[in-house]
Number of protein chains: 2
Amino acid sequence: MTTLKDIAKLAGVSIASVSYVINGNKQLSEETTKRINEAIAQTNFTPHSLAKSLRMGKTLTIGVLVEDIRGMPIADIVNGIEENLEEHGYQMILSDLHMLEKLYNQYDQIADYKTYINNSVQQMLRSHVDGIIYVGLHDRHIDNIINPIGIPFVYAYSHGSKHDHYVSYNNIDGAMDAVNYLIKHGHREIAILAGHPDSFPTHQRMEGFITSLNHADLPIRDDYFFYGDWEYPSGFEQMKNILALPNRPTAIFVMNDLMAAGCINSAQESGLKIPLDLSIIGFDNREIASYLPVPLTTIQVPNREIGYESAKMLLELTEGNTVEYNAIILPCNLIERASVASILS
Amino acid sequence: MTTLKDIAKLAGVSIASVSYVINGNKQLSEETTKRINEAIAQTNFTPHSLAKSLRMGKTLTIGVLVEDIRGMPIADIVNGIEENLEEHGYQMILSDLHMLEKLYNQYDQIADYKTYINNSVQQMLRSHVDGIIYVGLHDRHIDNIINPIGIPFVYAYSHGSKHDHYVSYNNIDGAMDAVNYLIKHGHREIAILAGHPDSFPTHQRMEGFITSLNHADLPIRDDYFFYGDWEYPSGFEQMKNILALPNRPTAIFVMNDLMAAGCINSAQESGLKIPLDLSIIGFDNREIASYLPVPLTTIQVPNREIGYESAKMLLELTEGNTVEYNAIILPCNLIERASVASILS
DNA sequence: TGCTTATGGTTAATCGTTTAACCAATAAAG
DNA sequence: CTTTATTGGTTAAACGATTAACCATAAGCA
C-alpha cells in the first residue's frame, strides 16, 4: 500500500503538501504541484479511507436497514438508493432484519424483537455511518426503533411518525387512479378486495376507493367489501365469495397483485373470462403481473424513486443542510395491461 | 463519544490497560479489571471501529458485488450471506452493478463495461474490505474482473474459472432430478425447452436431460428440442410450436420457471389441460411458481445456502485459513406441486 | 531602510485504537 | 544475599490521513 509518506518521499516534499494538493485546500507552486501529481500517477496511490474517516469524522457511508431484502419492493428501493449513493461517492452498509417476522410472530418474544431491531441500529452506529435509511413495509416495526440516534435517519416506503423524515408514495391517489380508471371504462358496480384490515395501506387505499366512488356519485355498497391478508390464497378464496354474490360486480379493485393473481386464477377456474365477464385491477405492479394468464392492469409504486429520493434526502441531512420538505410523497402510476375491459355501450 | 481515554481516566488507569481488558490480551489484577469493567458499563462505551480497523488492518467488513439486487436469486443469496456474516460479527458493503446489462448491450462500449466492473472492485478495495463476494448469474461478466486483487474473492452462484473459489449449485443433477421425476411418472416422450443456447446453465441442464434419457434407455429425439431466451414470452411462443408437433410429447422439461409460466398460460389458452394433457416441470422455484393457474412442480436452487456457504468460505480465507474445497457445488431439490401428472396405466 | 504582507512550504498535533518494549515490585531460586 | 522470573502495570510508537500553527523568503510600500 502506498501512503502519503511514500508520495512525499518520491516528490521530495512533506506529507502535508501532498495532502494539500490532493484535496486542493491550499495553493502550492505550479512546480511542486506537478511533481506531486506525477508521483501520485506513478504509484496509483489512493488515500486510505479509514484514516481519512477517522480524522474527518465522516465515513461517506450510510447504513441501509431492510426488513427483508428478498421482497420485491425492498430490493427495488435499495437499487434506487444505490444509484443515488453512487452518484455522490457514498457507500452503503446493508443490514437485513431477516429475523424480524419470526420474532414478531412469537408473542412471548416482544422484548427480543425490540432489542433485535436496536442491536442492528447500534451495529450501524458502531460503523460510524453518516446516516441511516430504514426500508420497510410494515409500519408496526417502526415504533420499535429507539430514536433519536444522533445521526440523520430517514424512512423509505413506510411512513414514519409525524415528525420523522420519510419518503413514501401516494396510496390514496394511487387507489383513486385505479378506481377512476375502472369508472372511466364504464364500470359502476365495483367491488373491493382489501388487504389486512389493520394495515395502514389498507386504510389509505380504502380511502381512495371511497373518495373515487363519491366523486362519481356511485353508491357505497356494503356487500361489495371483501378483506384478505395480502397473500395469494386469500385472493383465490375471496373470489369465490365475490362470484357467489347475487348482484355480481362488473369490476373489482384488488389492493395488491398477489391477491389479484389469486382472483384471476380463481375466476378462470370457475369458467369466467377475464376481463370480459369481470374486470380486475391490482396494485403494486409486481413481476407476477406480467406473467398471469391475463396480464394485470395495476398501479405501479415508484419504488426506485423512493429509494433514490430517500438517499438524496439523507445525504442532504448528513451534509448538515436543512431539507425543504421532511416528507416526500411520490405519485404512483397506472400500468395498462389487459385485465380491465371497457363496458361502455 | 466515549473513548478509551475516558474510560482510563474514570478507572484511574492507562488506556493500554483498558484495551487489554477489553480484548483479554493480558492478565490484569482482578481488582483493576473490575474497576475498568465498571467504568465501561457506566458509559456504555464501545470501541471506535475505524480506529481499530486502521490499527489492525482488518475491517471485519466484506464487499458484496451483485449484478442486480432486484433479481430474485440474487436477493436470496445476499440474504444467505447476511446470515453468515451476522453470526461472525462481519458487515457487508453492498455494491450493485445495475449498469452492467445496459453497458453490455451497447457493443461500442465494451471498454466502459470493463472499467465499470473494475471501478466497482476498486471502490471496494478502497474501503478496505477483508474480502469480496461476487454474486452473479451471468458467467460472461466474470472474465472482465481483473484478478488477482490481493484479497480473497469468491463467486457465488456463477462458476468462476477453474482456479477460482466459488460456490454454486448442481445444474446437472438438478436437471436429472427433474427429468427422472417425469420418467418416474410414466413419461417417455419428453420434450425440452432450453434457455439461451450460449449460456452455461443451458449446457449443464441439457447434459442432465440427456443423461437421464440415456439412463432410462429413452430415445433422444431431435424434434423435441426447443430453445428460448429464459424470458416469459419465449415460453409462451415456443409452446405453440410444441403443440403443433405431429407427435406431441406427454411432458416437457422447461429450463426455468419464467418460460414454464409462459408455457402453462399458452397451453391453457389453447384449451389444453395441464397437467392432464401435458405435464410441465420447471427450474428455479421462483415466486411465480406458486401463483400460476396450475402450481408448478420445479427444481429449487439452494440460493440462501449458496450465499451462506460462500460467506463461510470467504471468511475462512480472510482469516488466513486454507479451505478444504475451493469449489462447493450444492444440490438442488425438487418441489412437488401440481403440474406433473402420472400417466402410468 | 524598516515594516507589513503574500507566497510556499514544513512541523507537529490529532482522530482512537493496539501492542511491543519497558519498568517496578514482589516472589522464587540458587 | 544476589540473581532470575513473574506479575501488573505504564509509555510511547504505530496505523494514515488532515490541518492549524508556524516559519522562511520575497515582494510591496512608505
Self-check item: Lone unmet requirement of (1) among the β-branched types (Val, Ile, Thr); (2) near DNA strand D (Cβ under 8 Å from one of its atoms); (3) buried (at least 16 other Cβ atoms within 10 Å of the Cβ) for residue A:81
Solution: (2)
Self-check item: Number of positions in the range A:233-266 that are hydroxyl-bearing (Ser, Thr, Tyr) and either under 22 Å from residue A:334 (Cβ atoms) or touching a Lys or Arg at 6+ places or on another chain (Cβ under 9 Å) (or both)
Solution: 2
Quiz item: Is it the case that some residue within the range A:24-34 is near DNA strand C (Cβ under 8 Å from one of its atoms) and among the basic types (Lys, Arg)?
Solution: yes
Quiz item: Looking at residue A:66, is it in contact with a helix residue (DSSP H, G or I) (Cβ under 6 Å, 6 or more places away or on another chain), open to solvent by less than 30 Å² (accessible area, probe 1.4 Å) and within 16 Å of DNA strand C (Cβ to nearest atom)?
Solution: no
Quiz item: For residues in the range B:273-303 being open to solvent by 10 Å² or more (accessible area, probe 1.4 Å), among the polar types (S, T, N, Q) and more than 10 Å from every other protein chain (Cβ to nearest Cβ), which is nearest to residue B:258 (Cα to Cα)?
Solution: B:285
Self-check item: Hey, residue B:225 surrounded by fewer than 20 Cβ atoms within 10 Å (Cβ to Cβ), of a type outside the set (A, V, I, L, M) and modelled with pLDDT under 95 or not
Solution: no
Quiz item: residue B:52 is checked against (1) exposed (fewer than 14 other Cβ atoms within 10 Å of the Cβ); (2) under 33 Å from the mean Cα position of the chain (by Cα) and fails just one. What number does that condition carry?
Solution: (1)
Quiz item: Could you say whether any residue in the range B:131-138 is within 12 Å of chain A (Cβ to nearest Cβ) and either open to solvent by 10 Å² or more (accessible area, probe 1.4 Å) or hydrophobic (A, V, I, L, M, F, W, C) (or both)?
Solution: yes
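Does residue A:8 satisfy being of a type in the set (Gly, Ala, Ser), assigned to a helix (DSSP H, G or I), near DNA strand D (Cβ under 8 Å from one of its atoms) and away from every other protein chain (no Cβ under 14 Å)?
Criteria not met by residue A:8.
Tell me which residues, restricted to the range B:157-191, are in a strand (DSSP E or B) and touching a Gly at 6+ places or on another chain (Cβ under 6 Å).
B:166
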Quiz item: Across the range B:258-272, what is the total count of residues that are more than 9 Å from chain A (Cβ to nearest Cβ) and either of a type in the set (Val, Ile, Thr) or open to solvent by less than 10 Å² (accessible area, probe 1.4 Å) (or both)?
Solution: 5
Quiz item: Does residue A:46 satisfy being open to solvent by 30 Å² or more (accessible area, probe 1.4 Å), away from DNA strand C (no atom under 12 Å from the Cβ) and touching a helix residue (DSSP H, G or I) at 6+ places or on another chain (Cβ under 6 Å)?
Solution: yes
Quiz item: Does any residue in the range A:42-58 that is within 9 Å of chain B (Cβ to nearest Cβ) come within less than 7 Å, Cβ to Cβ, of a residue that is of a type in the set (S, T, N, Q) six or more places away or on a different chain, and which pairs are these?
Solution: A:48/A:3; A:49/B:127; A:50/B:53; A:53/A:59
Quiz item: If a residue has to be assigned to a strand (DSSP E or B) and under 15 Å from residue B:103 (Cβ atoms) to count, how many in the range B:115-138 make the cut?
Solution: 1
Exercise. Please determine, by comparing only the residues of the range B:11-29 that are under 15 Å from residue B:42 (Cα atoms) and open to solvent by 40 Å² or more (accessible area, probe 1.4 Å), which one is nearest to DNA strand D (Cβ to nearest atom).
Key: B:12
Self-check item: Residue that is modelled with the lowest pLDDT [pool: residues in the range B:304-328 that are of a type in the set (Gly, Ala, Ser) and open to solvent by less than 40 Å² (accessible area, probe 1.4 Å)]
Solution: B:327
Exercise. Go through the range A:309-345 and count every residue that is part of a loop (DSSP other than H, G, I, E, B), farther than 15 Å from residue A:251 by Cβ and in contact with a Gly (Cβ under 6 Å, 6 or more places away or on another chain).
Key: 1
Quiz item: Across the range B:81-127, what is the total count of residues that are within 10 Å of another protein chain (Cβ to nearest Cβ) and basic (Lys, Arg)?
Solution: 1
Self-check item: Any chance residue B:111 is closer than 30 Å to residue B:256 by Cα and more than 16 Å from DNA strand C (Cβ to nearest atom)
Solution: no
Exercise. Could you list, in sequence order, all residues of the range A:120-151 that are within 28 Å of residue A:88 (Cα to Cα) and of a type in the set (S, T, N, Q)?
Key: A:120, A:122, A:123, A:127, A:147
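The values are calculated or read from the model by the stated rules, or taken from the named source; none is laboratory data. These numbers were taken from a predicted model, which means no experiment stands behind them. Quick reminder, even Gly has a Cβ in these numbers, built from the backbone with ideal geometry, and neighbours come from all protein chains shown. To get the accessible areas, we keep the full protein, side chains included, count just its heavy atoms, and leave off ligands, DNA and RNA. Shrake-Rupley method; radii C 1.70, N 1.55, O 1.52, S 1.80 Å.
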